[in-house]
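Engineer: What follows is a single structure, and I will ask about it in a moment.
Values quoted throughout were computed directly from the atomic coordinates according to the rules given, and no laboratory measurement underlies them. What you see is a predicted model, and the numbers here were worked out from it, not measured in a lab. Every residue, glycine among them, receives a Cβ derived from its backbone with ideal geometry; neighbour counts consider all protein chains shown.
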Amino acid sequence: MGKRRRVPQRRTGSPAVIGSVIAAVVGAAGIGGYVLYGSGAAADDTAAGTERESVRTGPLSATEVTTASQRFLTAWQRGQVTAAAAATDDATAATTLLTGYAKDARVKGVTLTPGVRQGAKVPFTVKGTVTHGTVSKPLTYTSALTVVRNKADGKPLVRWDSAVVHPDLKDGDRLVTGATGTPPVKALDREGGELSVKEYPSLAPVLDGLREKYGKTAGGTAGIELRVVRGKASKSADAQLSDKTLLELSEGTPGTVETTLSPALQAQAEQQVATRERASVVLLRPSTGEILAVANSSPGFNTAFQGSLAPGSTMKVVTSSMLFEKKLASAEKTHPCPKFFTYGGWKFQNDDKFEIKNGTFKAAFARSCNTAFISQAPKLKDSDLTRQAQQVFGLGMDNWAVGVPTFDGAVPVQSQAQMAASLIGQGGVRMNPLNMASVSATIQSGTFHQPYLVAPAVDGRTLATASRRLSAGALAQVRDVMAYTAAYGTAAEAMRGVTGDVGAKTGSAEVDGQKKPNGWFTAYRGDLAAAGVVQAGGHGGDTAGPIVAAMLKAGG
């Protein structure tokens with residue numbers, strides 16, 4: 001037998017270790033440098049031939065969080081989509097979005113820098129370059145991931161959420177760089193001035209909505225942008241969110257869209273909501289439906305137009321109109337307002353359990369007596385409030401054509417206790433300041449005029465209408481009780497100094513798991529109507545009331 005030649009083993013290189021930091025510099029095209037804390041944390045958890053460990057349970061350790069986050073971030077940065085996706089608890093969804101990050105969003109040279117761990121959450125900074133043809137621009141933003149324990153084997157994994165890739169993404173959305181297909185628009189106020197996010201931060205979602213609807217018809221040309229493209233069957237679609245520009249690589253030529261917004265009143269609205277957290281307000285003109293101002297103290301989402309919140313006692317304006325028409329109440333006649341009233345197995349009560357003995361309905365409305373309304377539930381059909389809201393106030397039919405996405409209110413048919421709760425703006429009733437400003441506008445003008453931000457003549461769209469007007473007798477009584485509330489009731493303090501033909505209603509809407517209720521206020525003054533909400537703010541007269549009153553004064 002011949003001698004067997006010994007073949008020397010090939011030495012495998014390993015990353016240089018400096019202290020407790022591993023520095024991995026990857027030289028492949030499109031991959032940037034990356035610095036991680038820890039030592040060897042991104043390596044495979046198990047080696048060949050070792051026995052499988054028992055399933056781990058319990059809270060994650062700091063080491064497990066660090067290891068799992070490093071594994072994911074390292075693979076993502078290196079362009080190893082399969083490995084990055086495998087480090088999450090939803091490999092399929094992660095693969096789709098991470099693949100599109102390089103292919104569709106065209107983000108190259110990615111550098112991911114983790115921040116300080118906060119329990120199971122790890123924030124990180126993303127830096128890269130977006131390139132389209134010969135045009136390139138740097139991209140920088142921050143995001144965060146959360147590590148969870150896999151139920152099947154106890155392994156720490158990154159909990160997959162589209163927002164991990166970019167905080168503006170919701171599941172079903174994607175990032176795309178290219179010719180937008182939707183040219184930019186220059187939105188003008190009613191005086192011809194340009195509306196900008198810099199001057200009016202609240203208008204960011206409004207301007208996005210205007211571009212989405214009118215960009216292709218306003219006469220502009222498309223530019224090159226990195227955009228969030230909303231999925232048609234996604235959380236974004238459910239929230240009616242518009243596509244969003246994240247980075248402009250080259251400018252398009254904007255078209256022009258005229259709006260009904262007043263620059264002075266819009267500025268006032270921005271100032272007013274800035275005084276409260278989670279505040280929103282809308283001001284409009286009852287005689288036409290023109291929206292004069294809209295603002296949110298949290299401008300990332302247009303709660304004023306798209307919010308879906310229980311309106312609390314401001315809904316009593318609609319309910320009162322129904323009771324008056326059905327002869328179940330009369331402004332000047334005695335009406336029950338007991339401490340409690342039980343219906344459908346629920347025991348309803350008034351704020352601080354007050355009662356009004358031998359008082360009129362006007363007094364009960366002005367003090368916002370819940371039981372004055374709940375006590376009429378046994379005499380009503382389940383569909384009565386729904387029909388009133390739709391037929392007289394144009395609510396809940398999903399047919400408003402404002403010019404940008406809106407939620408048009410919801411007053412579903414309910415029964416028993418839920419129907420009773422709907423009478424006082426709880427149960428399944430959902431509104432936003434636009435809806436409730438429209439309610440006051442309908443009472444002030446005597447008929448429903450669908451609110452709009454862009455005149456229907458611009459694109460020939462048809463505005464929603466109500467099928468009937470409120471009867472003259474009922475209308476006069478609603479105006480009477482709203483005026484009395486503004487002068488002597490729960491709205492009096494906020495409405496002090498608001499002169500002329502006025503009416504108002506306060507509201508407080510309880511929310512599960514929230515210490516303070518959402519504060520609501522709706523009112524009119526002459527040919528102006530407004531409504532506002534301060535989420536988790538407390539009583540509407542103290543929170544939303546001053547905001548609405550200030551807008552009515554400014555518009556006078």
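Engineer: Pop out the ³J(HN,Hα) list for the range 386-402 in order, Karplus 6.51 cos²θ - 1.76 cosθ + 1.60 with θ = phi - 60°, rounded to Hz; leave Gly and Pro as x.
Structural biologist: Result, rounded to whole Hz: 4, 5, 5, 4, 6, 6, 9, 9, x, 9, x, 10, 6, 9, 6, 10, 7.
Engineer: If I take R0 = 30 Å and measure r between the Cβ atoms of Thr125 and Ala179 in this structure, what FRET efficiency does the formula 1/(1 + (r/R0)^6) give, to the nearest 0.05?
Structural biologist: So the FRET efficiency works out to roughly 0.55.
Engineer: Normalised by the number of residues in the range 185-259, what is the relative contact order in percent for Cα pairs under 8 Å and 6+ residues apart?
Structural biologist: In percent, rounded to a whole number, it is 44.
Engineer: Semi-axes of the equivalent ellipsoid for the chain, please: Cα gyration tensor eigenvalues, times 5, square-rooted, ordered largest first, whole Å.
Structural biologist: 55, 29, 18
Engineer: For a quick check: with amide H placed at 1.01 Å from N, whose amide H comes under 5 Å from Ala295's, ignoring anything fewer than 5 positions away on the same chain?
Structural biologist: HN-HN under 5 Å from Ala295: Val281.
Engineer: Right, something else. Find the relative contact order for the chain and round it to a whole percent, using C-alpha pairs within less than 8 Å whose residues are 6+ positions apart.
Structural biologist: 11
Engineer: What percent does the relative contact order of the range 244-319 come to when contacts are Cα pairs within less than 8 Å and at least six residues apart? Before the final figure, lay out each step's value.
Structural biologist: Details: 71 pairs, mean separation 17.8, N = 76.
This gives 23 percent for the range 244-319.
Engineer: Give me the net charge of Pro138's neighbourhood, meaning all other residues with Cβ under 14 Å from the Cβ of Pro138; Lys, Arg count +1, Asp, Glu -1. Provide the component values of the computation, followed by the final result.
Structural biologist: Numbers: positive: Arg106, Lys108, Lys127, Lys137; negative: Glu248.
Result for the neighbourhood of Pro138: +3.
Engineer: Aspartates and glutamates within cross-link reach of Lys316: Cα-Cα under 19 Å, excluding same-chain residues under 8 positions apart?
Structural biologist: Glu325, Glu332, Asp351, Asp352, Glu355, Asp382, Asp384, Asp408, Asp480, Glu510, Asp542
Engineer: Then there's this: To the nearest Å, what is the center-to-center distance of the range 349-422 and the range 178-212, using C-alpha atoms only?
Structural biologist: Taking the Cα centre of each part, the range 349-422 and the range 178-212 sit 36 Å apart.
Engineer: Using only the alpha carbon atoms of the range 433-548, find the Kirkwood hydrodynamic radius as the inverse mean reciprocal pair distance, in angstroms to one decimal.
Structural biologist: About 15.0 Å, per the Kirkwood formula over Cα pairs.
Engineer: Under the rule of at least 5 residues apart or a separate chain, name every residue whose amide H is placed under 5 Å from the amide H of Leu247.
Structural biologist: For Leu247, whose amide H was placed from the backbone, the distant partners under 5 Å are Leu226.
Engineer: What is the spin-label model distance, in nm, from Thr111 to Ala472 if the labels are put 7 Å beyond Cα along the C-beta direction?
Structural biologist: 7.7
Engineer: Net charge near Ala366, counting Lys/Arg +1 and Asp/Glu -1 over other residues with Cβ under 12 Å of its Cβ?
Structural biologist: +3
Engineer: Against the empirical 2.2 N^0.38 Å scaling, what ratio does the C-alpha Rg of the range 185-259 come to?
Structural biologist: Taking N as the residue count of the range 185-259, the ratio is 1.12.
Engineer: Can you give the translational diffusion coefficient of the range 355-467 in µm²/s, computed by Stokes-Einstein from the Kirkwood radius over Cα pairs at 4 °C and 1.567 mPa s?
Structural biologist: Details: Rh = 15.5 Å.
Estimated diffusion coefficient is 84 µm²/s.
Engineer: If I stretch the segment between Phe340 and Asn358 completely, what's the gain in nm (0.36 nm per residue apart, minus their alpha carbon distance), one decimal?
Structural biologist: 4.9 nm
Engineer: What is the Cα centroid distance between the range 127-170 and the range 272-320, reported in whole angstrom?
Structural biologist: Spelled out, the Cα-based centre of one part sits 34 Å from the other.
Engineer: While we're on this one: Please compute the Kirkwood hydrodynamic radius of the range 128-245 from all pairs of different C-alpha atoms, in Å with one decimal.
Structural biologist: 16.7
Engineer: What are the ³J(HN,Hα) values, in whole Hz, obtained from phi via the Karplus relation 6.51 cos²θ - 1.76 cosθ + 1.60 with θ = phi - 60°, for each residue of the range 415-429 in sequence order, with x given for Gly and Pro?
Structural biologist: Values per residue, Gly and Pro as x: 10, 6, 4, 5, 5, 4, 5, 4, 4, 10, x, 10, x, x, 5 Hz.
Engineer: Okay, moving on. Greater than 32 Å separation of Cα atoms is the criterion. Which listed pairs, Lys357/Lys553; Lys121/Lys516; Lys127/Lys198, meet it? Kindly include the intermediate steps, with their values, before the conclusion.
Structural biologist: On the way: Lys357/Lys553 36 Å; Lys121/Lys516 28 Å; Lys127/Lys198 24 Å.
As for pairs spanning more than 32 Å Cα to Cα, those are Lys357/Lys553.
Engineer: Where does the chain land at 222 nm, in deg cm²/dmol rounded to the nearest 500, when only DSSP H runs of n ≥ 4 count, each adding -39500 (n - 2.57), divided by all residues?
Structural biologist: Helices in the chain give a 222 nm mean residue ellipticity of -7500 deg cm²/dmol.
Engineer: I'm a student and want to see the number: the projected area of the Cα convex hull of the range 265-555, averaged over all directions, in nm².
Structural biologist: Mean projected area for the range 265-555: 13.5 nm², to one decimal.
Engineer: Only bridges whose two residues both fall in the chain count here: according to DSSP, what percent of them are antiparallel, nearest 5?
Structural biologist: Percentage antiparallel, nearest 5: 90.
Engineer: For Ser383 and Glu194, calculate 0.36 nm times their separation in residues minus their Cα-Cα distance, and state this gained length in nm to one decimal.
Structural biologist: Values: separation 189, 0.36 × 189 = 68.04 nm, distance 4.54 nm.
Length gained, Ser383 through Glu194: 63.5 nm.
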